[in-house]
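Engineer: Take a look at the following structure, please.
The values are calculated or read from the model by the stated rules, or taken from the named source; none is laboratory data. Everything quoted here is computed from the prediction, not taken from an experiment. Backbone-built Cβ (ideal geometry, glycine too); neighbour counts: all protein chains shown. Side chains are part of the model used for accessible areas, which takes the heavy atoms of the whole protein and leaves out ligands, DNA and RNA. Shrake-Rupley method; radii C 1.70, N 1.55, O 1.52, S 1.80 Å.
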Amino acid sequence: MRKSAGNRNIVSLIPMRVKTDSTSTGSAHGAVPKRTSGGGRQPLTSNNMNNPPPAAKRKSSSSSYGPTASSTGPRQSTYGTAKATGSKAAWGTSSGGRGMGPPASKMRRSSGLGIGRGYNQQHAMKDPRPISDKSYKDRTIRDLVAFLQELNYPHPITAKKLLVPLTNDFFRIFEFMYGFLSPNFKLSKKPEEDVPRIFQLLGYPFAISKSNMFSIGTPHMWPTLLAALKWLMEIVQYAINLDVESTLFPQIEFEEIPESRVVFSYVEEAYEQFLAGEDSFDQLEQDLEKQLKLNCQGGKTNLDSLTAENSRLSKELEQLENEGVSRISGQSLACPQ
C-alpha cells in the first residue's frame, strides 16, 4: 500500500511495467515512477490510474553498436550464438530486434588485395616480351643451347630437346646455370619449391608459382619458363664478365693501388694469421703504413712515370726552341739589305 497526496489508501489494482527510458514523462502531474530492483513492477496511485501513461514506444538508439539506456538486463553479446547457430542475420541483432553490430547494409567485405598475398600477386604483371612468338622462342633456344655448350654443360643438349623439354631437363639446366651465381648449389628433393623461391630472391619481375613446375613442357607454360631461363642466362653472363676487382676497388688517379684494396688486403691477411694463432701483426701494419704513404705521394710507379714523362717533354721543348732559333737566324740572313 501507498498513501496518496490526499491521505487515502488506494489498493494497487493493475501492475504494469514502467518505462525506464530517460525521456519518459511519467504521469500527467509530473510524478515520475521509479524502477524497483524487483523487476520494474510498481503500484500505481489514483492519479496514475486515471491518467495512464502512453504506450511505451521503442526508440531507436543513436548507435546500433551497443545496448540502449532502456535495456533491462546485463549486456550480452550474440556473436557467439550467431556463429553457433549459423544464422546469417543473428550477428548484430538481439532477440528483441535491437542491433548489436553494424546494420547489414553497412557491412562490406574488405578487400584483401596486397595484404598477405605474397610474391605472385604483388608481382603479377604481363610479360612485355613476345614469348609466344615462334621466332622469339627459336632464337631464345639457340642462344640458350650455345650458352650451355660454351660453359660445358655436362648433359646432352640440343635445340630439338628444348622444343618440348622434360621436367628433369629443365631442373638440370636451372641447377647448372644458378651454380655460377651460388657455387656448389644443388636442388633439394622438392625442386618445384626451390625454383620459384630462387627466381623471387633474384628479383625476377614476373610470377612463377609452384603449380607451374608441374606442367613445364606444356605449350601454354613452356614459353613462360623458357623466357625465365633466358633472363637467368643474361644474369649469369653478366656475372661471368664482371671484373670483381675493379668493381670493388676502383682505380683512382695517382694511386698505385686503391686505398680500399690496401686496407682490404691488410684485414684479409691479418685475419688469416689470427686464425693461425698469431696475436701480433707488426709486419703487416708496417706494410700498410708504407703503402698508404706511397698512395699519398702519388705512388712510386706513377711518380717514376711522371718524372720520365717530364724529362721527355723538357728535351722536346729544348729541341723545338733550338729549331726555332735556327729558322729565325736563317730568315734574317736571307732578307735583302
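Engineer: Given the criteria over 27 Å from CYS296 (Cα atoms) and in contact with a Ser or Thr (Cβ under 8 Å, 6 or more places away or on another chain), does LYS230 qualify?
Structural biologist: Yes, satisfied.
Engineer: Confirm whether ASP304 is modelled with pLDDT of 80 or more, under 30 Å from GLU259 (Cα atoms), open to solvent by less than 90 Å² (accessible area, probe 1.4 Å) and within 60 Å of the chain's Cα centre (by Cα).
Structural biologist: no
Engineer: Identify all residues within the stretch 180-222 that are of a type in the set (Ser, Thr, Tyr), within 26 Å of ASN152 (Cβ to Cβ) and more than 19 Å from the chain's Cα centre (by Cα); write none if there are none.
Structural biologist: Passing the criteria: SER182, SER188.
Engineer: Here's something else I'd like to know. Can ASN241 be described as modelled with pLDDT of 75 or more, under 44 Å from the mean Cα position of the chain (by Cα) and under 30 Å from ILE141 (Cβ atoms)?
Structural biologist: yes
Engineer: Looking only at the stretch 143-154, count every residue that is in a helix (DSSP H, G or I) and over 15 Å from TRP222 (Cα atoms) and tell me the total.
Structural biologist: Going through the stretch 143-154 one residue at a time, the tally reaches 7.
Engineer: Considering each residue of the stretch 155-190, count those that are farther than 17 Å from ILE235 by Cα and part of a loop (DSSP other than H, G, I, E, B), and give that number.
Structural biologist: Qualifying residue count, the stretch 155-190: 18.
Engineer: Cβ contacts < 7 Å: first residue closer than 22 Å to GLN291 by Cα, restricted to the stretch 302-325; second residue open to solvent by 90 Å² or more (accessible area, probe 1.4 Å), any location; separation 6+ or different chain. Result?
Structural biologist: Sorted first by the residue in the stretch 302-325, then by its partner, the pairs are ASN302/PHE254; LEU303/GLN297.
Engineer: Among the candidates LEU187, LEU151, LEU166, which residue alone is open to solvent by 60 Å² or more (accessible area, probe 1.4 Å), touching a residue at least 12 places away in the same chain (Cβ under 8 Å) and aliphatic (A, V, I, L, M)?
Structural biologist: LEU166
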